[in-house]
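Inspection log for the structure reproduced underneath, given as structure tokens.
The values are calculated or read from the model by the stated rules, or taken from the named source; none is laboratory data. Please read all numbers here as calculations on a predicted model, not as lab measurements. We place every Cβ from the backbone using ideal geometry, glycine too, and count neighbours over all the protein chains shown.
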Amino acid sequence: MNSKNAIMSAVATVDIPFQDCDPMQVVWHGNYARYLEEARRELLRQIDYDYMQMQASGYVWPIVDMRVKYINSAVFSQVIRIEAYLKEYESRLKIDYVIFDQATGKKLTKAYTVQVAVDIESKEMQFESPSTLTDKVETWLKRS
């Protein structure tokens, strides 16, 4: 899980709030999904296809697979940098992530998510990504 073979990337930062931590000031494991979401949103904004645009295009994109590997703990008031790398988009959205301590560059977490398009009306999963996504990625690639 890294930038190798990434189609595009984005970065988000989060200042770990108190409410995300357990009594020992370590981030509770379930909060990492929210941190990944911050970077994923930045990635989707780059291609002008955020969640409201997805819905307007007639699709939702639920996560169907997610893996998180915890390497080092994030803690209260730490600023983390979440890097997101788009790896696949033609039949699904596969995004790899790496979370680092912003100050030291120490790697904290590696993860990936897989999302698939589901037609809002029929509720049917799509086996190919709709052209509303693929066209936006390809337009972004031509500009870059």
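Laid out as a table, the results:
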{"quantity": "Total residues in the range 124-144, condition more than 18 Å from the chain's Cα centre (by Cα), in contact (Cβ under 8 Å) with a residue 24 or more places away in the chain and in a helix (DSSP H, G or I)", "calculated": "3"}
{"quantity": "Filter pass, residue 59 being more than 21 Å from residue 141 (Cβ to Cβ) and hydroxyl-bearing (Ser, Thr, Tyr)", "calculated": "no"}
{"quantity": "Count of the range 111-144 residues which are among the hydroxyl-bearing types (Ser, Thr, Tyr) and surrounded by 13 or more Cβ atoms within 10 Å (Cβ to Cβ)", "calculated": "5"}
{"quantity": "Residue in the range 32-44 that is within 12 Å of the chain's Cα centre (by Cα), within 17 Å of residue 136 (Cα to Cα) and of a type in the set (Lys, Arg) present", "calculated": "yes"}
{"quantity": "Where residue 114 falls short, out of the listed (1) aliphatic (A, V, I, L, M); (2) out of contact with any Ser or Thr (no Cβ under 8 Å at 6 or more places or on another chain); (3) within 18 Å of residue 16 (Cα to Cα)", "calculated": "(3)"}
{"quantity": "Selection status of residue 81, buried (at least 17 other Cβ atoms within 10 Å of the Cβ) and in contact (Cβ under 8 Å) with a residue 12 or more places away in the chain", "calculated": "yes"}
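Residue-by-condition table, conditions (1) surrounded by fewer than 17 Cβ atoms within 10 Å (Cβ to Cβ); (2) more than 15 Å from the chain's Cα centre (by Cα); (3) at pLDDT below 95; (4) more than 19 Å from residue 136 (Cβ to Cβ):
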position: 14; (1), (2), (3), (4): no, no, no, yes
position: 50; (1), (2), (3), (4): yes, no, yes, no
position: 66; (1), (2), (3), (4): yes, no, no, yes
position: 77; (1), (2), (3), (4): yes, yes, no, yes
position: 88; (1), (2), (3), (4): yes, no, no, no
position: 95; (1), (2), (3), (4): no, no, no, no
position: 98; (1), (2), (3), (4): no, no, no, yes
